[in-house]
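Read through the structure below, which is laid out as structure tokens, and then see the notes.
Read-outs: derived from the displayed coordinates by stated rules, not from any lab. These numbers come from a predicted model, not from an experiment. Methodologically, a virtual Cβ is constructed for each residue, glycine included, from the backbone with ideal geometry; neighbour enumeration extends over all protein chains shown.
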Amino acid sequence: MGAVTSSMAAKFAFFPPNPPSYAVAAGESASRMRITDVAERENVDVLKLATKRGTQIVAVYMKNPAASLTVLYSHGNAADLGQMYELFSELRIHLRVNLMGYDYSGYGQSTGKPSEQNTYADIEAAYRCLRETYGVREEDVILYGQSVGSGPTLDLASRLPRLRAVVLHSPILSGLRVMYPVKRTYWFDIYKNIDKIPLVECPVLVIHGTADDVVDCSHGKELWELCKEKYEPLWIKGGNHCDLELYPEYIKHLKKFISAIDKLGHLRNGSGLSSDLSENPRSSTDCRDKPRPSTDQRERSRPSIDQRERSRPSTDQREKPRASTDRREKSRASSESREKGRKSVDHPEKANNSTDPPEKARNSIDRFGDMMRSVGLCNIDCFKPTGAGGV
């Protein structure tokens, strides 16, 4: 039965770039390696890691001397380390984290063939390297899973009770649920994230595009609803499956999340955050910010610790109340001033409704737009079975 499941997983989920976008070559010293066809960076280690299933995967560890947290990133389909390298480097800098990325078995220069079980062994090997080679503690690790990468991410997260946090980027409920609206879990399904997410003890951030035509946004929303420790999600208006990094709110929300998780780390008690932060699981774990204006939270929300942070926009859902407040405050002003104020407040909303995300991305201080346009990180048919036209 296990062999049948692995065979189905290979047909439904995995599309490694062919040929790989990079090679591994000797570095300046005999003990070091480097990835070809990318700009060389300081504080980057290229590694080959043995997995318990007999494959050898390639990983990169990017160190940030100012970091206290480490991100373990599991990428999506039709991508490998060569294509993800620049994004990893940008995230390391702007999030102030150490970052390890790795290629699944059969991806890039990793040996073996892709399978669901191999990806579980792959992420375990990468995590073991962080612990044993770099001395990273479990409570200082943030697991980041993109698309198919949400599978190994949640599998490992469900077994690490002291994990700091999880980020789910365009995640799936399960492989079968991407293609069919099934209401139950079948034995032959793969990446049963819907069954594993309730076992995750740490805060979870979900990021999903509202116009995702590969993995519907409902997947991200249902996973968020099932989280024990919910952090304010980011639903990117107009965002598709492979372009969320182009939107300025993507990196802004990630930075806010990392900052909150970093500052609240000392409040952790056992496997969870302190009790006063977890009483209302729908509210943000960032206690500095005003909770999301949903009807089931407004009456129960706690006062913000830092009043100055209340006005800072986070997601599109918080723009409208703020705009309303600004209009009342400016009601006594001249019509010209009132119009200027309205345009200033409405600008983020207009940006999210833009039909040209790459143009918007050029204004991002993090330069994700220019970098991401140079590579294609996902096969749009990545979840179709081979009989439906995708491999």
**OP:** List Glu249, Glu225 from most exposed to least, where exposure is judged by having the fewest other Cβ atoms within 10 Å.
**Re:** Glu225, Glu249
**OP:** Report ³J(HN,Hα) in whole Hz for each residue of region 150-157, in order, from the Karplus equation J = 6.51 cos²θ - 1.76 cosθ + 1.60 where θ = phi - 60°; Gly and Pro get x.
**Re:** 5, x, x, 4, 6, 4, 6, 4
**OP:** In square nanometres and to one decimal, what's the mean projected area of the convex hull around the Cα atoms of region 111-228?
**Re:** 7.7 nm²
**OP:** Figure the gain on full extension for Ala39 and Lys255 (residue separation times 0.36 nm, minus the Cα-Cα span) and round it to one decimal in nm.
**Re:** 75.3 nm
Subject >> Order of Val148, Val215 under a 10 Å beta carbon neighbour criterion, fewest first >> reply: Val215, Val148
Original post:
Going by how many other Cβ atoms sit within 10 Å of their own, how do Ile197, Ile57 line up, fewest first?
Top reply: Ile197, Ile57
Subject >> Two-site FRET efficiency, Arg32 against Val182, from Cβ-Cβ distance with R₀ of 56 Å, rounded to 0.05 >> reply: 0.70
**OP:** Quote to one decimal, in nm, the extra length available between Asn18 and Ser68 on full extension: 0.36 nm per residue of separation minus the C-alpha distance between them.
**Re:** 14.4 nm
Subject >> Distance violations [Cα-Cα > 24 Å] among Lys230/Lys263; Lys192/Lys263; Lys183/Lys228; Lys52/Lys263; Lys221/Lys256; Lys183/Lys221 >> reply: Lys192/Lys263; Lys52/Lys263
**OP:** Mind computing the radius of gyration and Dmax over the alpha-carbon atoms of region 22-131? Å is fine for both.
**Re:** 13.1, 37
Original post:
How high is the relative contact order of region 101-149, in percent, with contacts defined as C-alpha pairs under 8 Å that are six or more residues apart?
Top reply: 21 percent
